[in-house]
1. When Lys and Arg each count +1 and Asp and Glu each count -1, what net charge do the other residues less than 10 Å away from residue 61, Cβ to Cβ, add up to?
2. What are the radius of gyration and Dmax of region 116-170, computed over its Cα atoms and given in Å?
3. Can you tell me how much longer the chain between residue 116 and residue 151 gets when fully stretched, taken as 0.36 nm per residue apart minus their C-alpha distance, in nm with one decimal?
4. Put a dot 7 Å past each Cα toward the Cβ at residue 73 and residue 137; how far apart are the dots in nm?
Amino acid sequence: MAHHVNLWLNDEWKVSQAIVVRYIKAALPRHCSKTVIANGQWAIGKLPNGVSYKNVSPIQFPNYQAEVAAMISYLQTNGTENFYLRSIHYNSFGHFKLTCPPTDWRTPPVIDRYNDILQNLSSTMNVPYIDTNFIIQPMWDSAEDFCHYRRDKTAAAEALYMTGKLIFDY
């Protein structure tokens, strides 16, 4: 996302000096002026070997709701401002999702429910929610690695939309 937002800012709009966009793999977004949180893929996905959370089972809906609510409360209590929740992307089907029993639960109905939880929490906890599903859903099986939209037209469209929402809508 950060790559494509920077392409729009630098190459198309020539405003790179006014806005800085960085990808930060961080638990706490307190050093950013605006932070987008997309949290949920690992909660229901098959985690790769070598990841410290690989033996954690998928997070069921009530537990996911409680964990995200706790995260939002923590950020709000600790003075983090201007953070946004973003919808979780669909993932293409693969052998992990289609085995019986599955070892990866990132199917459209599960992701839809996670997104419902995010949207409801954003309303009740007064956190902006940015829904990019109208961009991702028609292209949900187009990601090169079946998960990440990188350096393609889908990523560019989502980055443009996100940039507009963050600069003009909120």
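What follows draws every value from the coordinates through simple rules; no lab data is involved. Quick caveat: nothing in here was measured; it's all calculated off a predicted structure. Please note: Cβ atoms are built from the backbone with ideal geometry, for glycine as well, and neighbour counts cover all protein chains shown.
1. 0
2. 12.9, 36
3. Contour length minus Cα-Cα distance gives 9.8 nm.
4. 3.2 nm
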